[in-house]
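Every number in this text was worked out from the coordinates using simple rules, so none of it is lab data. The shown structure was predicted, so the numbers you read here are calculated from the model rather than taken from an experiment.
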Amino acid sequence: MALDLNKESRISYFSVSNVAMVFAYIIFVPLMAFIAQYYSIESLLLVLVAMLAAVIPLYLSVLLRNKKILKNEFSLVQKHEKIS
């Protein structure tokens, strides 16, 4: 998990993450401009809504899995504390 990283690892992770975001925007923004220019702004909005509709369930599934993992880890810590 990100909380377990030391300071140097966190700095390198976020610097690489920032570079990756720049490359994503270099590809994403011109692609969206192309769709808006050659098709229509309505097509662009439909594409954005479709992307959002695809990302939201993925995001929620990651949150639920993370919550389940954290809950399991917390119960293991509590069991360990009761034994000690």
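Quick notes on this one:
- Structural size metrics of the stretch 1-52, computed from C-alpha coordinates, are Rg and Dmax of 16.6, 48 Å.
- Cα-Cα separations in the stretch 26-74 greater than 13 Å, expressed as whole percent: 66
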